[in-house]
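The values are calculated or read from the model by the stated rules, or taken from the named source; none is laboratory data. Just so we're clear, the structure is a prediction, and the values are computed from it rather than from any experiment. In this analysis, Cβ positions are derived from the backbone assuming ideal geometry, glycine residues included, and neighbour counts consider all displayed protein chains.
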Amino acid sequence: PSLITQRCSPLCCYYLSVTVATDTLRQLYTDDPSRTTVIMASFPSYAAFYFARGALSSINLIASFVMWIMSLVKLRTNKDPARTAFLWQRISFGFFSLFCIFDAAYYLWIPFYRNYGYGSTNTISTTLGPLGSLWYNIADILILMALVRLNNGISIVGAKQPTSLPKILKNISWGAFGILLALAIALFATSVAFRLIYIYGYSINLYRLGTAFYALMFVSSVFVLAQTIYVFVVARSESHLAQASIFSLVCAILYFMHQLYELIIVTTLTIEGYYLPITEVVFSLWPMFIILVLIFVLGSRRTSPLYSNSAQQQSAAFMPAPAGAQPAFYTVNGVTYAVQPPVMQQAYMPPQHPPQQAYMPQGAAPEQYQQPYPPQTYQPPPPNQGMYVVPPELSAPNSYGHAGQPQHQDYAAYKAEDHTPSPPSVGGAPPPPAPARVA
């Protein structure tokens, strides 16, 4: 019974959820709540496009949320000036996911309220729609900043000598970011207040403000494309920057096409309104998502990572692989290295061998080693005995502490009494000393 309960409980929950959803749809889609069928033919002609747009936005929401979590986990800037683009990419992915939530809710919710009058639909369009547009515009601006910083990072890594050009472009991008963010907030406030036209009859020129914003975004995309082409021409000759420059060029082209589409739609509405939600997904949402994914791939790879510091670059390139992984090949500054996965090794212990005796032939006597000599002490020679007697004056120690040498005082007294010794003979024994005085 427990197994049956375990298997049937998910089916029961699914049946209850489907029943509740069916009853809700029946009450929302039919004029008569007592009817038990949903009349799909009663939907307006634009409902199919809105449902398709809501489904595509839901798929984009799941994909962007997963990629955003992966970006938060894997992408690291390490306070490196060449990797600030990946910080902007993570923030932009968050706003893009938030936009997908509001966009899916907007396009799935409007057909549900078709039977409640124009006022309810207008209320939804003035709450969910402007909020979604605000997050969309902020994500668009953040992608612009990420592309500028990506080109600056490639220039910093590939520069032989530090230049002031990346710093100048960084300051210009900060100014453009402030202006575009102010316009996006103003456009959001104007979109929210747009219903005052129908309620109070006020005139709000939303068209001019939107045209100014998207025109400035298009000019910024042209600037980014020109910068990317310059960086690509300079860095394509270096092997460790060729792939990064190609990725940056692809992102710049996609961003330019995306902004061109936005400007065409705002200035001259050449597409029929029913097809507009689908074309926005193809030319607006998907290019933004692809750009963010390409930046993520460029920042998370181990081969030739973007680091301005060579030590950080090598530490990132030689990051230990997981256990059981195959040898990986990394390229640092044009040189390819093969890195084996780390293996846990124990500390070296010397082998324990029993004491061994030296080899000795049979019958040979053991070698006797000479013992060290005992310490020797100096023994002074005995005093002279016999015919040569040293006088006391000569045997007394002198001022230098040696015996047998006369002191200056005794020698002078001794010489004063005419006891001058005779000069020594050559080749013979020394002459006998003078006879001692007898008191």
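What to note about this one:
- Condition met for Ala244 (within 25 Å of the chain's Cα centre (by Cα) and either of a type outside the set (Gly, Ala, Ser) or in a helix (DSSP H, G or I) (or both)): yes
Conditions tested, residue by residue: (1) surrounded by fewer than 17 Cβ atoms within 10 Å (Cβ to Cβ); (2) of a type in the set (Asp, Glu); (3) at pLDDT 90 or above.
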{"residue": "Ile62", "(1), (2), (3)": "yes, no, yes"}
{"residue": "Leu75", "(1), (2), (3)": "no, no, no"}
{"residue": "Asp80", "(1), (2), (3)": "no, yes, no"}
{"residue": "Ala85", "(1), (2), (3)": "no, no, no"}
{"residue": "Phe93", "(1), (2), (3)": "no, no, yes"}
{"residue": "Phe96", "(1), (2), (3)": "no, no, yes"}
{"residue": "Phe99", "(1), (2), (3)": "no, no, yes"}
{"residue": "Tyr116", "(1), (2), (3)": "yes, no, no"}
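- A single entry from Ala215, Ala159 fulfils the requirement of being at pLDDT 90 or above and of a type outside the set (Asp, Glu): Ala215.
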